[in-house]
Amino acid sequence: MTGIIALSQNMLQNIREKVGTNSRFDTQIYRRPTRTVMVGNVPIGSEHPIVVQSMINEDTLDIENAARGICRLVDAGCEIVRVTTPSIAHAKAVGEIRSLLTQKGYQVPLVADIHHNGIKIAMEVLNHVDKVRINPGLFIFDKPGVKPNDFTTEEYEYIGERIRTTFEPLVKKLKEQNKALRIGVNHGSLAERMLFTYGDTPQGMVESAMEFIRICHALDFHNIIVSMKASRTPIMLAAYRLMAHTMDKEGYHYPLHLGVTEAGDGDYGRIKSTAGIAPLLADGIGDTIRVSLTEAPEKEIPVCYSILQSLGLRKTMVEYVACPSCGRTLFNLEEVLHKVRLATSHLTGLDIAVMGCIVNGPGEMADADYGYVGKTPGIISLYRGREEIRKVPESEGVTALIELIKEDGRWVDPV
């Protein structure tokens, strides 16, 4: 693990040098330079905002319900939607789903998820989607039975040749249609020959992806996005850092799709996903993200946007700055923050601070657009940036805040 951390630090320093800074202590996130890959009409790459995506859990054969699931995700803010296609029938159903979505006015890019020996499925579904996701560990999937210590060099190379000949037609069709490919490695489904050669390690995950990347490169196909997902956060972090380092070292500047797979549900699932995704984004690694929760898919989207906003990478909602409350607090801070949030949460692009007292309030909220501060008992001071604008009775505080935002032309009525 120490070696992986060292690689990450070296890679981050290289990124900073490329963008013209040697500082290790500034507040700017310098994204790893990656090429732009179009997924439908959505660009993914370091020159574009980080894209939020998810996956429906409806059966793709259920056309109506699958379409409704996609619509719910899009309405929640999802920008790319993945659907599972385990059979030819499922692949054909995606065409009907796409037609139904068009009728409803939804133009979201679709991604087909391909697994066991899925080349025929991939060739069919490619006519209906914008991106295909393959799992290298399952692309050539034989029944278990080969013992890891039975792999000879000839057997290893034979399977590699089978992969190449099976994979090439898909790559050529992707190139002809100018569509995208996600090489999606999962730690839990590494191919047996990778396990034999590299062990159950981040290196095995990286080499699994690199085998497919090199085939694509030989065919001059570059619409590639890569993921290195694991259910254990430390493995996921190490794998992505090593993947970014390896690709950059070999000149493959492909975007990375970040995620902790099978993160679970509730607070822990959200915390676990954030623990994996946020450090990589802070290091400049990652161009699209998915938070994988065991909940309704649309509940993943707010978590994604919260991660991005907390790092300053996207501004999609109000940023609330609020102190934790203490003995100096001059009003019920939790209650007031709730009232302010209810009144303003539909806005975008604003920072609003709710601070309990005058001691720390003006200083700690200095970066906020607006401040709501307990001045004296029963009195609220409203700020625009660092400037105190007016004092009002506490009972009028939220209404006065809304009026101040309206005066500045930054208010929109909720839908």
Inset, instruction - Could you run through region 19-78 and say how many residues are without any contact (Cβ under 8 Å) to a residue 40 or more places away in the chain and of a type in the set (D, E, K, R)? - result: 8
Legend entry - Subset of region 39-60 [more than 15 Å from the chain's Cα centre (by Cα) and surrounded by 17 or more Cβ atoms within 10 Å (Cβ to Cβ)]: Gly40, Ile56, Glu58, Thr60
Legend entry - Among the candidates Ser231, Ser208, residue that is within 22 Å of Arg290 (Cα to Cα) and either in contact with an Asp or Glu (Cβ under 6 Å, 6 or more places away or on another chain) or outside the structural domain of Leu110 (by TED's automatic domain parsing) (or both): Ser231
Inset, instruction - Return a yes/no flag: does region 65-79 have any residue that is over 25 Å from Met38 (Cβ atoms), in a helix (DSSP H, G or I), out of contact with any helix residue (DSSP H, G or I) (no Cβ under 7 Å at 6 or more places or on another chain) and of a type outside the set (A, V, I, L, M, F, W, C). - result: yes
Inset, instruction - Just need a number here: residues in region 364-381 that are within 10 Å of Ala353 (Cα to Cα) and either charged (D, E, K, R) or touching a helix residue (DSSP H, G or I) at 6+ places or on another chain (Cβ under 6 Å) (or both). - result: 5
Inset, instruction - Say whether the condition of being β-branched (Val, Ile, Thr), assigned to a helix (DSSP H, G or I) and modelled with pLDDT under 95 is met by at least one residue in region 203-226. - result: no
Inset, instruction - Please find, among Lys104, Lys131, Lys120, the residue that is of a type in the set (D, E, K, R), over 16 Å from Thr85 (Cα atoms) and in the same structural domain as Gln53 (by TED's automatic domain parsing). - result: Lys104
Inset, instruction - Only one of these is under 23 Å from the mean Cα position of the chain (by Cα), buried (at least 17 other Cβ atoms within 10 Å of the Cβ) and not basic (Lys, Arg): Leu101, Leu73. Name it. - result: Leu73
Legend entry - Pairs with Cβ under 6 Å, 6+ apart, first in region 169-182 and closer than 12 Å to Cys216 by Cα, second assigned to a helix (DSSP H, G or I) and among the basic types (Lys, Arg): none
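The values are calculated or read from the model by the stated rules, or taken from the named source; none is laboratory data. None of these values were measured; they are calculated from a predicted model. Virtual Cβ from ideal backbone geometry, glycine too; neighbours counted across all protein chains shown.
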